[in-house]
Amino acid sequence: MTDPASTSADTTRPGWTFLTNHGHVLVCIASDPGIRGRDIAGRVGITERAAQAIIADLVAGGYVRRTKVGRRNHYEIVPDQPLRHPVEQPHRVGELLAGVAGLPALDAVAAHASRPVRARGARSVTT
C-alpha cells in the first residue's frame, strides 16, 4: 500500500544513505571549494538554512576552513582531521574523500602528517 502523502521525489531518493548530510556537504565542498550554500542545499536535498548550519558545524569542528573572498565564501577541507565516530576514528577525512569523492586526498594527508609541527609564532630558520 502506498502512502497518499508521498510524492514523486520520494520515489527517486533512497530511504537512507551511508553518509549523513554532514558527509554529503563535505563531499560537495571538497568537489567545489567555491560552492554556494544554496547549491549545496540543492545537491544534498536539504534547505539552505540546514546547509549553512552544517557548514558552521564543519568549520567549528575544524574539518573545514572558511575564507571570505569578496562577497563569496571559499572553503578548504582539513584532510588530516579524524572522523568523529569511535568506529571510524582511526581514519581521516582525507581518506573518506579519496574513497567517496575520488579526490587524491590521501597523499596530502600523508605529506601533512609527516611534517614537523612548529610552535605558534616560531620562525623557520634556514642555514
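Computed from the coordinates by the stated procedures, all read-outs in this text should not be read as laboratory data. Keep in mind it's a predicted model, so treat the numbers as computed, not measured. A quick note on method: Cβ atoms are made from the backbone with ideal geometry, for glycine too, and the neighbour counts reach across all protein chains shown.
Below are the figures for this structure:
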quantity	calculated
Out of V64, V59, V69, V78, sole residue that is loosely packed, with under 13 Cβ neighbours inside 10 Å and not small (G, A, S)	V69
Per-region count, the stretch 69-85, residues part of a strand (DSSP E or B), within 12 Å of G34 (Cβ to Cβ) and not basic (K, R)	5
Cβ-Cβ under 9 Å pairs, at least 6 apart or on other chains, the stretch 36-60 side closer than 14 Å to L26 by Cβ, far side among the aromatic types (F, W, Y)	I55/Y75; D57/Y63; L58/Y75; V59/Y75
Members of the stretch 35-56 that are farther than 20 Å from A101 by Cα, hydrophobic (A, V, I, L, M, F, W, C) and surrounded by 14 or more Cβ atoms within 10 Å (Cβ to Cβ)	A50, A53
Failed item in (1) at positive phi; (2) touching a residue at least 40 places away in the same chain (Cβ under 8 Å), with E76 passing the rest	(1)
